[in-house]
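The values are calculated or read from the model by the stated rules, or taken from the named source; none is laboratory data. Given the structure is predicted, the values throughout are model-derived calculations rather than measurements. Methodologically, a virtual Cβ is constructed for each residue, glycine included, from the backbone with ideal geometry; neighbour enumeration extends over all protein chains shown.
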Amino acid sequence: MQTSTHTTKRKRMRRRYKKIAVAVAGAAVMSTALLHGFPVAKVLAAPSQAVTGAVDAAAAHNRDRDKNDNRDQARGGRRHETESPVQVVMDNAATYGFDASRDSFSLLSRSDDGATVRVVHNGQVFKVDLDRDGDSWVITTIRGIGDMHHPATYTPASFFPGAALIGPTAPAAQTTVFQTDAFNSWTWTEANYPADMAFGIALQDPRPAGTAANIPGDVLDKTDFARQVLLSAHVGSVAPQGYGVAIAKVVRGGNDITVTVRTKSPQAGDTSATKADDYLAVDRTGFDFSRPVHVAFVDQYGTVLVTYTVVPR
């Protein structure tokens, strides 16, 4: 009976935390060695209604053109798959934070090996990349095009909950490089996280560039940047008692890193000092820093809080 109650409570809390951060939280695309303290609020950019009409009109034109192109190809007997790339993206729109009934979808490019579909969602243009897999199409990447109202984003399909059903057929083997059970009892019961909650990754000592931000000197002194990268988590503006953030697990799969953090808000009788920050140095062996490195921070409920892409200089 206790297990059933716990499971029901967990499901209810998971639904509640969908309000905290959406699965399509914008991925900060950085061409720098330091990604520290990028607030969650900054990657959840507000939609721009001013540009929606013009963008949707262009997308509608492209969509009509692509429908004609697809129909012509079908008549020529060249298409053997049951669905077009556009239809595949529309069928899986909800997985990636899109709306199949309200967003605009159009084919940008297509070859024997891949395709790119253009999606306009809440005023922002996205490019969805797909790879050919036999007679099917596999969604691999969702790229948000940056403009004056939106950050540029780059998010591997594998970062989205439920994407495993339609993601790459041969994902990289995953290795747990760090895990602790010390914070398993922590829970967050408030409706939202602080707006200035932030996470970061440093590939080199930021002090020479004057960008150390709030990372303590002793933490930097103990990090061997020749062999390690430094992960950081900051809970944001909260009361001095009862709150906390901690890095609980780090998993590497190829050049993808998933960092699970645990959070807590004050519970009855909790007078402990707030744990405002946490830092963890992990081995950089196995990463290919000549290629993009994708980093996702998620909480204990599976909510994607922020994603980064570190691209080579």
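Out of the residues in segment 255-294 meeting the condition of being under 28 Å from residue 225 (Cα atoms), of a type in the set (S, T, N, Q) and in contact (Cβ under 8 Å) with a residue 24 or more places away in the chain, tell me which one is surrounded by the fewest Cβ atoms within 10 Å (Cβ to Cβ). Let's see the steps before the verdict.
As a first pass, look at segment 255-294 and keep what is under 28 Å from residue 225 (Cα atoms): 255-263, 275-294.
Narrowing further to those that are of a type in the set (S, T, N, Q): 255, 258, 260, 263, 285, 290.
Subsequent filtering for residues that are in contact (Cβ under 8 Å) with a residue 24 or more places away in the chain retains 255, 258, 260, 263, 285.
Numbers: 255: 19, 258: 20, 260: 18, 263: 27, 285: 9.
Looking at the filtered set, the residue picked out is 285.
Taking segment 193-215, which residues are within 18 Å of the chain's Cα centre (by Cα) and of a type in the set (S, T, N, Q)?
none
For residues that are closer than 10 Å to residue 279 by Cβ and touching a Leu at 6+ places or on another chain (Cβ under 8 Å), tally how many sit in segment 189-224.
6
Search segment 222-247 for residues that are assigned by TED's automatic domain parsing to the domain that holds residue 179 and pair each with any residue that is loosely packed, with under 12 Cβ neighbours inside 10 Å when their beta-carbon atoms are under 6 Å apart and the residues are at least 6 apart or on different chains.
Close Cβ pairs (under 6 Å, with a partner that is loosely packed, with under 12 Cβ neighbours inside 10 Å) amount to 241/271.
Might you check whether a residue that is assigned to a strand (DSSP E or B), in contact (Cβ under 8 Å) with a residue 60 or more places away in the chain and surrounded by 11 or more Cβ atoms within 10 Å (Cβ to Cβ) occurs anywhere in segment 201-221?
yes
Residue 156 passes all but one of (1) more than 30 Å from residue 310 (Cβ to Cβ); (2) in contact with a strand residue (DSSP E or B) (Cβ under 9 Å, 6 or more places away or on another chain); (3) at pLDDT 65 or above; which number fails?
The failed condition is (1).
Taking the stated definitions as given, is residue 289 of a type in the set (Phe, Trp, Tyr) and either over 22 Å from residue 153 (Cα atoms) or modelled with pLDDT under 85 (or both)?
Spelling it out, residue 289 is indeed of a type in the set (Phe, Trp, Tyr) and either over 22 Å from residue 153 (Cα atoms) or modelled with pLDDT under 85 (or both).
For segment 230-247: of the residues being hydrophobic (A, V, I, L, M, F, W, C) and surrounded by 23 or more Cβ atoms within 10 Å (Cβ to Cβ), which is nearest to residue 194 (Cα to Cα)? Full working, then the answer.
At the first step, the residues of segment 230-247 found to be hydrophobic (A, V, I, L, M, F, W, C) are 230-231, 233, 235, 238-239, 245-247.
Now narrow it down to the ones that are surrounded by 23 or more Cβ atoms within 10 Å (Cβ to Cβ): 230-231, 233, 235, 245.
Values: 230: 23, 231: 19, 233: 13, 235: 7, 245: 12 Å.
Residue satisfying both the conditions and the ranking: 235.
Cβ-Cβ below 6 Å, separation at least six or inter-chain, first residue in segment 161-185 and farther than 15 Å from residue 136 by Cβ, second at pLDDT below 50: which pairs?
These pairs meet every condition: 161/23.
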